[in-house]
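Visitor: To start, I am sharing the structure in question, which I have written as structure tokens.
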Amino acid sequence: MARHKIRAGAVARWALLIAAIAAVAFPIYWAFALATQDPVDSFGSPRFFYIPKFDSFATVWSDRGFIRATLMSLATVSLTVALCLAITVPAAYILTRRRVRAQTGLIGWLFVAYLFPDFLIAIPLYAVLQSMRLYDSAPGLALAYQGFMAPLAMWLLLAFFRGVPEELAQAATLDGCSTWATLRRIYLPLTGPGIATVAILVAINVWNEVTVALALTSSNPTLPILVASYKGYAALKWDQLAAASLLSIVPVLIFAVFAQRHIVRGLTAGMEK
């Protein structure tokens with residue numbers, strides 16, 4: 001009887017795993033089928049068995065706008081992650097080591113700020129970035145994204161920094177380390193996986209973000225906005241739209257494959273502490 005229960009449980013787990021893989025893989029396959037079939041033949045309903053053609057990928061890749069949008073997204077992600085960590089790592093360290101007035105209210109406000117809709121940030125920043133001549137630029141977007149990326153990073157980093165034993169920081173202080181030397185020699189090595197996890201999550205969120213980028217760019221769109229432009233007013237280019245969508249997720253997939261180990265290490269370290 002026990003063996004039957006174990007087998008039933010194993011079958012149920014495998015069924016759930018297969019269903020989850022299918023749910024993730026099928027949209028990618030469907031987009032690939034759209035991109036590699038003649039748009040007249042598929043007309044939005046691709047066939048399962050056919051000879052693939054890769055003309056749409058060549059067309060999209062040869063589009064200067066696509067390359068420019070890819071570089072814009074890469075620059076925006078890099079600047080956003082660098083600026084976000086430069087702000088939140090010292091801030092999380094100070095909130096962990098020092099007694100700050102109204103600390104509970106400040107942390108609560110960070111949570112509320114993260115819950116704000118994106119357009120509430122984009123609307124006032126439009127005029128601000130125009131006056132700073134940062135509208136329609138990667139630095140301008142990087143500044144705008146701090147409004148909801150910094151609260152997310154702070155919440156995560158506080159959990160990692162609070163997991164560092166206080167005795168280690170006190171021992172470093174007794175050995176003559178300054179406040180910032182303690183951060184550099186004690187906290188950063190111990191919370192490295194957590195900081196890497198935060199950087200990865202921020203990068204993925206910014207890469208896929210649309211609302212703020214749509215409001216704060218015009219001639220220099222990010223990659224998600226450019227992909228949406230293949231859906232024109234008069235015609236829908238199914239093959240190019242699908243090809244551009246697949247090409248846009250390639251950097252994220254490659255990044256996720258190489259960063260998976262850091263994400264697991266960071267989340268595991270946070271749970272253990």
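Visitor: Have a look at LEU201, LEU168, LEU188 and point out the one that is surrounded by fewer than 20 Cβ atoms within 10 Å (Cβ to Cβ), in a helix (DSSP H, G or I) and modelled with pLDDT under 85.
Guide: Residue meeting the stated conditions: LEU168.
Visitor: Limited to the stretch 234-257, what total is found for residues that are within 15 Å of ASP63 (Cβ to Cβ) and assigned to a helix (DSSP H, G or I)?
Guide: The number of residues fulfilling the criteria is 10.
Visitor: Right, another one. Looking at the stretch 221-229, is at least one residue among the aliphatic types (A, V, I, L, M), part of a loop (DSSP other than H, G, I, E, B) and either in the same structural domain as ALA159 (by TED's automatic domain parsing) or farther than 28 Å from LEU85 by Cβ (or both)?
Guide: Within the stretch 221-229, not a single residue is among the aliphatic types (A, V, I, L, M), part of a loop (DSSP other than H, G, I, E, B) and either in the same structural domain as ALA159 (by TED's automatic domain parsing) or farther than 28 Å from LEU85 by Cβ (or both).
Visitor: Test ALA122 against the stated conditions and say whether it is of a type in the set (A, V, I, L, M) and either surrounded by fewer than 16 Cβ atoms within 10 Å (Cβ to Cβ) or modelled with pLDDT of 90 or more (or both).
Guide: no
Visitor: How about the stretch 1-91: which helices (runs of 4 or more DSSP H) wholly inside it have at least 2 residues that are under 30 Å from VAL206 (Cβ atoms) and at pLDDT 85 or above?
Guide: 2-35, 55-61
Visitor: Continuing with the same structure: Any residue in the stretch 165-180 that's within 16 Å of PRO90 (Cβ to Cβ): show its pairings with residues that are of a type outside the set (D, E, K, R) and at pLDDT 80 or above at Cβ separation under 8 Å, as long as the two are six or more apart or on different chains.
Guide: ALA169/THR182; ALA169/ILE186; ALA169/TYR187; CYS177/ILE186
The values are calculated or read from the model by the stated rules, or taken from the named source; none is laboratory data. Small disclaimer: the values here were computed from a predicted structure and weren't measured. So basically every Cβ, Gly included, is an ideal-geometry build from the backbone, and we count neighbours across all protein chains shown.
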